[in-house]
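Below is one structure, written out as structure tokens; comments come after it.
The values are calculated or read from the model by the stated rules, or taken from the named source; none is laboratory data. A quick note: this is a predicted structure, and the numbers were derived from the prediction, not measured. Neighbour counts are summed over all protein chains in view; Cβ atoms, including those assigned to glycine, are modelled from backbone coordinates with ideal geometry.
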Amino acid sequence: MKLHIVNPNTTASMTRKIGEAAKAVARPGTDITAVNPAFGPASIEGYFDEAFSLPGLLDEIGKAPDADAFIIACFDDTGLEAARCAATAPVIGIGEAAFHMASLIAEKFSVVTTLSRSIVPIERNLAKYGLIARCARVRAADVPVLALEEEGSRARGLIEAEIGRALEEDGAEAIVLGCAGMADLAAALAARFGVPVLDGVVCAVALAEAAASLGLKTSKRNTYAPPRAKTYTGDFARFAPR
């Protein structure tokens, strides 16, 4: 089984971290490839960055036509619907995966993400997925995404403080980490706080393996049908559907 993981930003150190987390939980015989685009934003922090990350993301999806499933390793599920139009294999977003997994093990969960500007996009995704009622609160630790890659940053301490507040104030029974760059923190945080702490990367790996092993494909009947052939101009010419 081949799983192709795309980190939509261009920070290679984060991609390596994501790949390591995925390989640590993958089944024997699952081949994990983790990549990032060569062009686009270094981190995705809000709608503007998201818009400029989509061409690179879709470019990487197109480079793996033999993948049995794809994972989009951005917690905002950047480009998820577009990727499902581009791919026949299942495409799993780490945000959607973590929300669904949390809802199976806890009545109420809180999300701890990076910056406050990510709260509303995450809340909108929860509503779209039908899980907003299961989320006690979406919280921000006020940690820039790239601070998660910096030695000696205060990022982990700020995340831990926000988890403590979520447990005390929200009544959360589980914590969802709201950034792919937090993939290496989940196990230690779960041990410290004594509650399930979910990382979307590993949740997505489990769901992608399940979908692929069942032989499931993305439905092409209507919503996720392939894009219609047409001309794209200028810098986007090479992305034109054929």
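Brief remarks follow.
- Selected residue [under 13 Å from residue 8 (Cα atoms), in contact with a helix residue (DSSP H, G or I) (Cβ under 9 Å, 6 or more places away or on another chain), at pLDDT 95 or above and in a helix (DSSP H, G or I)] from 50, 60: 50
- Test result for residue 76, in contact (Cβ under 8 Å) with a residue 12 or more places away in the chain, touching a helix residue (DSSP H, G or I) at 6+ places or on another chain (Cβ under 9 Å) and buried (at least 19 other Cβ atoms within 10 Å of the Cβ): yes
The rows are residues; the columns are (1) free of Cβ contacts under 8 Å to residues at least 40 places away in the same chain; (2) closer than 23 Å to residue 20 by Cα; (3) of a type in the set (Gly, Ala, Ser); (4) touching a strand residue (DSSP E or B) at 6+ places or on another chain (Cβ under 7 Å).
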residue	(1), (2), (3), (4)
114	no, yes, no, yes
144	no, yes, no, no
147	yes, yes, yes, no
153	yes, yes, yes, no
156	yes, yes, no, no
161	yes, no, yes, no
169	yes, no, no, no
180	no, yes, yes, no
188	yes, yes, yes, no
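- Condition met for residue 23 (in a helix (DSSP H, G or I), assigned by TED's automatic domain parsing to the domain that holds residue 214, surrounded by 18 or more Cβ atoms within 10 Å (Cβ to Cβ) and among the basic types (Lys, Arg)): no
- In the stretch 67-86, residue farthest from residue 30 (Cα to Cα) [restricted to those that are in a strand (DSSP E or B) and not aromatic (Phe, Trp, Tyr)]: 72
- Filter result for residue 103 (surrounded by fewer than 21 Cβ atoms within 10 Å (Cβ to Cβ) and either at positive phi or touching a Leu at 6+ places or on another chain (Cβ under 8 Å) (or both)): yes
- Among the helices (runs of 4 or more DSSP H) confined to the stretch 115-223, the ones with at least 2 residues that are within 21 Å of residue 45 (Cβ to Cβ) are located at 119-128, 155-165, 200-213.
- Qualifying residue in the stretch 68-75 (condition: outside the structural domain of residue 190 (by TED's automatic domain parsing) and of a type in the set (Phe, Trp, Tyr)): yes
- Among the residues listed as 171, 130, 95, 181, the single one being more than 17 Å from residue 14 (Cβ to Cβ) and within 18 Å of the chain's Cα centre (by Cα): 130
- Selection from the stretch 106-153 of residues that are among the small types (Gly, Ala, Ser), within 14 Å of residue 172 (Cα to Cα) and surrounded by 14 or more Cβ atoms within 10 Å (Cβ to Cβ): 106, 110, 136
- Evaluation of residue 40 against (1) farther than 24 Å from residue 148 by Cα; (2) part of a loop (DSSP other than H, G, I, E, B); (3) touching a helix residue (DSSP H, G or I) at 6+ places or on another chain (Cβ under 9 Å) (one fails), failing number: (1)
- So residue 56, is it surrounded by fewer than 24 Cβ atoms within 10 Å (Cβ to Cβ) and touching a strand residue (DSSP E or B) at 6+ places or on another chain (Cβ under 9 Å): yes
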